[in-house]
1. For segment 71-79, indicate whether the set of residues that are of a type outside the set (A, V, I, L, M, F, W, C) and touching an Asp or Glu at 6+ places or on another chain (Cβ under 9 Å) is non-empty.
2. Every residue in segment 27-69 that is surrounded by 15 or more Cβ atoms within 10 Å (Cβ to Cβ), among the small types (Gly, Ala, Ser) and at pLDDT below 95, please.
3. Suppose we keep only residues that are modelled with pLDDT of 75 or more and not hydroxyl-bearing (Ser, Thr, Tyr) within segment 1-20. Which one would you say is nearest to the chain's Cα centre (by Cα)?
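The values are calculated or read from the model by the stated rules, or taken from the named source; none is laboratory data. Nothing here was measured: the structure is a model prediction, and the numbers come from that model. A quick note on method: Cβ atoms are made from the backbone with ideal geometry, for glycine too, and the neighbour counts reach across all protein chains shown.
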Amino acid sequence: MVYRHVGQVFGSGDDLNKNTVQGVFGSYDRYGIVSAKVGYRVDHHVSFSLALDNLNNQRYFVFNRRPGRTVFGELAYRF
């Protein structure tokens, strides 16, 4: 499990840090999101895992709106 925090970011061209808008298209919001990954090794060759990103389903913008909670699955075969 991991927690990522990003503080206030000022966009390019904002040399005086005057842009303080938050939560709209074109803004760079501060945010904190939680992600987790679990995995299981079946044998020497096969393993699988499940990862969840943005568990807290936080809505934030990094110029564009970022996706909410996402789920990734992986099945791996090593030879």
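1. Taking segment 71-79 and keeping what is of a type outside the set (A, V, I, L, M, F, W, C), we get 73-74, 77-78.
With touching an Asp or Glu at 6+ places or on another chain (Cβ under 9 Å) added as a condition, the list becomes none.
No, segment 71-79 has no match at all.
2. If the condition is that a residue be surrounded by 15 or more Cβ atoms within 10 Å (Cβ to Cβ), among the small types (Gly, Ala, Ser) and at pLDDT below 95, then Ser27 is the only one that fits.
3. Let us first name the residues in segment 1-20 that are modelled with pLDDT of 75 or more, namely 1-9.
Keeping just the survivors that are not hydroxyl-bearing (Ser, Thr, Tyr) gives 1-2, 4-9.
Working: Met1: 12, Val2: 10, Arg4: 8, His5: 10, Val6: 11, Gly7: 14, Gln8: 16, Val9: 16 Å.
Per the criteria, the residue is Arg4.
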